[in-house]
Amino acid sequence: MSFNHQEIEKKWQKKWDDTRSGIVSESTNKKDSLYYLIMFPYPSGSGLHVGHVESYAAIDILARYQRMKGKNVMVPIGYDSFGLPAENYAIKTGVHPSKTTKTAINTFRQQMKSVGLAFDWDREISTSDPEYYKWTQWLFLLFYKNGLAYRKKSAVNWCNSCSTVLANEQVVAGCCERCKSEVVQKDLEQWFFKTTKYTEDLLSGLDDLDWPSKIKAMQKNWIGKSEGTNIKFKIKNSKSQVEVFTTRPDTIFGATYIVLAPENPLVDEIVLKEHKEEISKYTKNAQKKSALERTELQKIKTGVFTGSYVINPVNNEEIPVWVADYVMMGYGTGAIMAVPAHDERDFEFAEKYSLEIRKVVKSDDDTKERCFSKDGISLNSDFLNGLKTSDAKKKIIKWLSEKEAGDSMTTYRIRDWLVSRQRYWGAPIPIIWCDKCGDVPVEEENLPVLLPEDVDFKPTGESPLVGSKTFHDVKCPKCGNDARRESDTIDTFVDSSWYHLRYCDPKNKKVFADKSKIDYWCPVDLYIGGAEHAVMHLLYARFFAHALNDLGYIKFKEPFTKLRNQGLILGPDGEKMSKSSGNVVNPDTIVLEYGADAIRIYEMFMGPLEDEKPWDIKGVVGIRRFLDRAWKVRSKINKTESDELDKLMHKTIKKVGDDFEVLKFNTAISQLMIMTNAMMEAESVTKKTYQSFIKLLAPLAPHLAEEVWEELGNTKSVFSDGWPTYDKDKLVDETITLAIQINGKMRATIIISPNASKDEARLIALDDEKINSYIKGKDLKEIIYVPGRIMNIVVK
RNA sequence: GGGCGAGUGGUGGAAUUGGUAUACACGAGGGACUUAAAAUCCCUUGGAGGAAACUCCGUGCGGGUUCGAGUCCCGCCUCGCCCACCA
């Protein structure tokens, strides 16, 4: 006999929807509040994925568990609904993104409800909703007014395929993070957020976070702090100087040439007439190259001599200045001093162009032909000779700074966040351009700046908003003259940088969220999502929190106290699920055939939450069998049960609770299976024990638990009756099997009290026939006894 | 090149953080029920040897520490992910 999951699910899902019991979270003065958050989904047309179900089920189970323990838990849900897929779909089909988005959201909601997720539906938000993006625009203006949003012309990443600029974080190995096509450099005037204002805070803030070390490392890596020295080389026959950045100032006596990045503004200034043509050809060519080409591995280094020389401050030597695209403008000062004897890249370049290679650091291994880039002892370096690299660095920095020829300098890889996009489906940037007044912010009472409907979606390199008749032309709020709106939209990563704040107070019309409500819920106690957001969303959201903290809007700097990444669920073939491989598992069909409880438990039972693991439909069948057995235990209910069963129940209560606390759902489920098997084997089970079991199962299998609970004669929800408690005395057994090792090898077991003394244990062990056969005729050297764990008899 | 992580049965994975390796589940084999199948229930299931009691081997490889190592240390191998001409 099997239970009818379809009927049960329909019944309880309706009941939960009607009563909203235990789901709606109020900010009260109750202290025990928890804020659990999952990274909200992009509502794609293909619907909910089994990967979504994994993290959502995990959060849902924890939330239900904590609510049973009396905590006030908020688990909100919403949709990251602005973005390119809907817009690209519109370009192809002509269907407006708002329409497809609405449909997709309805599908998502229905699917999430079908797996019994107890989200607080009253807090549902959607980033493309004007009620939401009004506040995205408001925050943009807040940043603008406080100097955290600014406009600047610079070389930016441009994706031809997406027809928009991209932030540095959205360029992966020279390609667009979204569409994987090549990214090129363009000189454009764009809007930026000043993330670099909080660089050090973003770095140090990582220390106290309970986040996977990998994500912390990635953020650290991305911020890319590098401590080195800025050295000034005077240009011969000029008042100007070249500033270079190096982490090895101790090798300055080995600097045999200088390299400028092609984009370095100094190039034009110092290049000699006879070299001008060649240089401009080279720099133009370099600019045309994509970031991918520039950084391509094994690339043959190229460069051109400028004709100019600089003076080395330590020995007044004249050093030639070259331009080469192996030096990047975006890092350090866009110029380096080349020390070919001690840097691989410089070595390669020097060999090619026959530049001097001068050794100034002694290596441990002189037989090596190639350059030596590790630390060693300085030589051929005048006053640095004989010093260890670390000491030489100190000495030269002191020397340079005294001569005002250089100083310590810290550089970072992180750049300000480019937030404008030349695309339609996003929040319009709330700025008005006036010929007289320049850029003027839209007044607060005129927010939101609504997305116009009368646009041609086709990207032209300009924002599609440019073509709108209703949108573009406005009066300047300052002077009243004819003006035009900024037509770019805001990067959708801005939308998702503050949604966790809006959840605290999603319907507020006066502020983005009431301060007291943010104080009550935030920061987020547990955040679950994919690791792919390591340096984009998570860094941006942290920046927002740091900025809003700085501006006095929130009390905390770090928005997500604890973070966990769910592992990827692979297809049955062990490959990443994708439409093209045809290995995508649709949760709907699983829910229909095996039930919502089965898919929830199966996804938790597959393995540790953070691991990558393949889908196996046989596993779902196994879980369904377990649920059927758990259901069938009802027929065993009687007045009595064995002591062993009672004890096992208490152990199970402890184990399941402990495992939930640390998100080890797989072992919690395994314990429930052990309990179920024991109940099925038992003569009878008391109602009390079975009810406790059902409560433990309830967070995992809420539908089944509610149904059984009601059948057992309870009138209120199983979730309203509290989490079972265990009796400590019942966790220990009167006797246990103790493993006996002889010389470290497991040889026998004895039955003994877990807290027997060493003498007692020794007596029993030495009385054992089998043990005796091993130690007969040998010298007993030592007996190691760990009560309740092991005894090791050492003989010779 | 740098950083992070992982290697345990046929498979997914357990192992109280140094104490009976392989819990739980899947799969496989055998049996019961059935006209038959499905479902369900019971038994077996790391490898090798043995009729059996039992013995030996066994957590990627090689060392080490320890009474005792999947777990700690040193040196390798393999795989995965992230970053990378970062000066």
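Matching residues to (1) buried (at least 18 other Cβ atoms within 10 Å of the Cβ); (2) away from RNA strand B (no atom under 16 Å from the Cβ); (3) assigned to a helix (DSSP H, G or I):
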position: A:THR667; (1), (2), (3): no, no, yes
position: A:LYS695; (1), (2), (3): yes, yes, yes
position: A:TRP723; (1), (2), (3): yes, yes, no
position: A:THR737; (1), (2), (3): no, no, no
position: A:ILE740; (1), (2), (3): yes, no, no
Does the stretch A:282-299 contain any residue that is closer than 29 Å to A:LYS398 by Cα and at pLDDT below 95? no
Pairs needed: first member in the stretch A:321-344, over 20 Å from A:TYR412 (Cβ atoms); second member anywhere, within 7 Å of RNA strand B (Cβ to nearest atom) and not in a loop (DSSP other than H, G, I, E, B); C-beta distance under 8 Å; at least 6 residues apart or different chains. A:ASP325/A:ARG294; A:TYR326/A:ARG345; A:MET337/A:THR246
Number of positions in the stretch A:770-785 that are near RNA strand B (Cβ under 9 Å from one of its atoms), loosely packed, with under 14 Cβ neighbours inside 10 Å and under 14 Å from A:ILE750 (Cβ atoms): 1
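Quick one: is A:ILE105 touching a strand residue (DSSP E or B) at 6+ places or on another chain (Cβ under 6 Å) and either among the aliphatic types (A, V, I, L, M) or at pLDDT below 95 (or both)? It would help to see each step written out before you state the result.
Details: touching a strand residue (DSSP E or B) at 6+ places or on another chain (Cβ under 6 Å): yes; either among the aliphatic types (A, V, I, L, M) or at pLDDT below 95 (or both): yes.
Criteria met by A:ILE105.
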Evaluation of A:SER126 against (1) surrounded by fewer than 20 Cβ atoms within 10 Å (Cβ to Cβ); (2) of a type in the set (Ser, Thr, Tyr); (3) closer than 17 Å to A:TYR42 by Cα (one fails), failing number: (1)
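Would you pick out the residues in the stretch A:197-234 that are touching a Phe, Trp or Tyr at 6+ places or on another chain (Cβ under 7 Å), in a strand (DSSP E or B) and buried (at least 19 other Cβ atoms within 10 Å of the Cβ)? Steps first, please.
Just the residues of the stretch A:197-234 that are touching a Phe, Trp or Tyr at 6+ places or on another chain (Cβ under 7 Å), to begin with: A:198-199, A:202, A:223-225, A:228, A:230.
Among the residues that remain, those that are also in a strand (DSSP E or B) are: A:228, A:230.
Passing the criteria: only A:ASN230.
Out of everything in the stretch A:66-86 that is assigned to a loop (DSSP other than H, G, I, E, B) and not hydrophobic (A, V, I, L, M, F, W, C), what residue ends up being nearest to A:GLY426 (Cα to Cα)? It would help to see each step written out before you state the result.
Step one: filter the stretch A:66-86 for residues assigned to a loop (DSSP other than H, G, I, E, B), giving A:69-71, A:75-77, A:80-83.
Filter once more, so that each one left must be not hydrophobic (A, V, I, L, M, F, W, C): A:69-71, A:76, A:80-81, A:83.
On the way: A:LYS69: 41, A:GLY70: 40, A:LYS71: 37, A:PRO76: 22, A:ASP80: 11, A:SER81: 9, A:GLY83: 6 Å.
For the stretch A:66-86, the residue satisfying everything is A:GLY83.
Only one of A:ALA63, A:ALA58 is at pLDDT 95 or above, within 16 Å of RNA strand B (Cβ to nearest atom) and in a helix (DSSP H, G or I); which? Spell out how you get there, then give the answer.
Values: A:ALA63 fails: within 16 Å of RNA strand B (Cβ to nearest atom).
Exactly one residue qualifies, and that residue is A:ALA58.
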Please indicate, with yes or no, whether at least one residue in the stretch A:405-416 is more than 15 Å from RNA strand B (Cβ to nearest atom) and either of a type in the set (Val, Ile, Thr) or out of contact with any Ser or Thr (no Cβ under 9 Å at 6 or more places or on another chain) (or both). yes
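Regarding A:PHE605, is this residue away from RNA strand B (no atom under 11 Å from the Cβ) and either farther than 16 Å from A:GLY567 by Cα or of a type in the set (A, V, I, L, M, F, W, C) (or both)? If you could, list the steps in order and put the result at the bottom.
Details: away from RNA strand B (no atom under 11 Å from the Cβ): no; either farther than 16 Å from A:GLY567 by Cα or of a type in the set (A, V, I, L, M, F, W, C) (or both): yes.
For A:PHE605, the condition - away from RNA strand B (no atom under 11 Å from the Cβ) and either farther than 16 Å from A:GLY567 by Cα or of a type in the set (A, V, I, L, M, F, W, C) (or both) - is not met.
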Restrict the check to the stretch A:384-393 and report whether at least one residue is more than 30 Å from A:ASN221 (Cβ to Cβ) and at pLDDT below 90. no
Which one is nearest to A:LYS613 (Cα to Cα) among residues in the stretch A:43-91 that are touching a Phe, Trp or Tyr at 6+ places or on another chain (Cβ under 9 Å) and among the aromatic types (Phe, Trp, Tyr)? A:TYR56
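Return yes or no: is A:TRP191 over 30 Å from A:LYS153 (Cα atoms) and more than 9 Å from RNA strand B (Cβ to nearest atom)? Break it down into steps so the answer makes sense when it comes.
Values: over 30 Å from A:LYS153 (Cα atoms): no; more than 9 Å from RNA strand B (Cβ to nearest atom): yes.
No.
If I ask for residues that are assigned to a loop (DSSP other than H, G, I, E, B) and more than 29 Å from A:ALA598 (Cα to Cα), which ones from the stretch A:87-133 would you list?
A:GLY94, A:VAL95, A:HIS96, A:THR127, A:SER128, A:ASP129, listed by residue number.
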Top-ranked residue of the stretch A:87-97 - restricted to ones that are among the aliphatic types (A, V, I, L, M) and out of contact with any His (no Cβ under 9 Å at 6 or more places or on another chain), ranked as surrounded by the fewest Cβ atoms within 10 Å (Cβ to Cβ): A:VAL95
Looking only at the stretch A:742-760, which residues are surrounded by 12 or more Cβ atoms within 10 Å (Cβ to Cβ) and either within 21 Å of A:LYS796 (Cβ to Cβ) or within 8 Å of RNA strand B (Cβ to nearest atom) (or both)? A:ILE742, A:ASN743, A:ARG747, A:ALA748, A:THR749, A:LYS758
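Identify, from the list A:SER578, A:SER635, the residue that is under 23 Å from the mean Cα position of the chain (by Cα), on the phi < 0 side of the Ramachandran plot, surrounded by fewer than 14 Cβ atoms within 10 Å (Cβ to Cβ) and without any contact (Cβ under 8 Å) to a residue 60 or more places away in the chain.
Step by step, each of A:SER578, A:SER635 is checked, and only A:SER578 is under 23 Å from the mean Cα position of the chain (by Cα), on the phi < 0 side of the Ramachandran plot, surrounded by fewer than 14 Cβ atoms within 10 Å (Cβ to Cβ) and without any contact (Cβ under 8 Å) to a residue 60 or more places away in the chain.
What helices (runs of 4 or more DSSP H), lying completely within the stretch A:455-565, carry at least 3 residues that are over 24 Å from the mean Cα position of the chain (by Cα) and either more than 25 Å from A:TRP425 (Cα to Cα) or polar (S, T, N, Q) (or both)?
On the way: elements: A:469-472, A:492-495, A:499-502, A:515-521, A:537-550.
Because the criterion is at least 3 residues that are over 24 Å from the mean Cα position of the chain (by Cα) and either more than 25 Å from A:TRP425 (Cα to Cα) or polar (S, T, N, Q) (or both), the helices (runs of 4 or more DSSP H) in the stretch A:455-565 that meet it are A:515-521.
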In the set A:SER684, A:SER720, the lone residue that is over 30 Å from A:ASN565 (Cα atoms), in contact with a Gly (Cβ under 8 Å, 6 or more places away or on another chain) and not aromatic (Phe, Trp, Tyr) is A:SER720
Pick from the stretch A:669-693 the residues that are in contact (Cβ under 8 Å) with a residue 12 or more places away in the chain, surrounded by fewer than 17 Cβ atoms within 10 Å (Cβ to Cβ) and away from RNA strand B (no atom under 13 Å from the Cβ): which of them is farthest from A:LEU526 (Cα to Cα)? A:GLU683
Only one of these is touching a helix residue (DSSP H, G or I) at 6+ places or on another chain (Cβ under 7 Å) and surrounded by fewer than 18 Cβ atoms within 10 Å (Cβ to Cβ): A:SER408, A:SER373. Name it. A:SER408
All positions within the stretch A:146-160 that are more than 26 Å from the chain's Cα centre (by Cα) and not aromatic (Phe, Trp, Tyr): A:ASN146, A:GLY147, A:ARG151, A:LYS152, A:LYS153, A:SER154, A:ALA155, A:ASN160
Anything in the stretch A:298-348 that is buried (at least 19 other Cβ atoms within 10 Å of the Cβ), in a loop (DSSP other than H, G, I, E, B) and more than 8 Å from RNA strand B (Cβ to nearest atom)? List them, or say none. A:ASN312, A:PRO313, A:VAL314
Can you find a residue in the stretch A:241-253 that is in contact (Cβ under 8 Å) with a residue 24 or more places away in the chain, surrounded by 20 or more Cβ atoms within 10 Å (Cβ to Cβ), in contact with a strand residue (DSSP E or B) (Cβ under 7 Å, 6 or more places away or on another chain) and of a type in the set (S, T, N, Q)? yes
Considering the stretch A:217-240, residues that are in contact with a helix residue (DSSP H, G or I) (Cβ under 9 Å, 6 or more places away or on another chain) and away from RNA strand B (no atom under 16 Å from the Cβ), and then whichever is modelled with the highest pLDDT, we arrive at A:ILE235
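The values are calculated or read from the model by the stated rules, or taken from the named source; none is laboratory data. Just so you know, these numbers come straight off a predicted model, no measurement behind them. For neighbour counting, all protein chains shown are included, and Cβ atoms are generated from backbone atoms with ideal geometry for every residue, glycine included.
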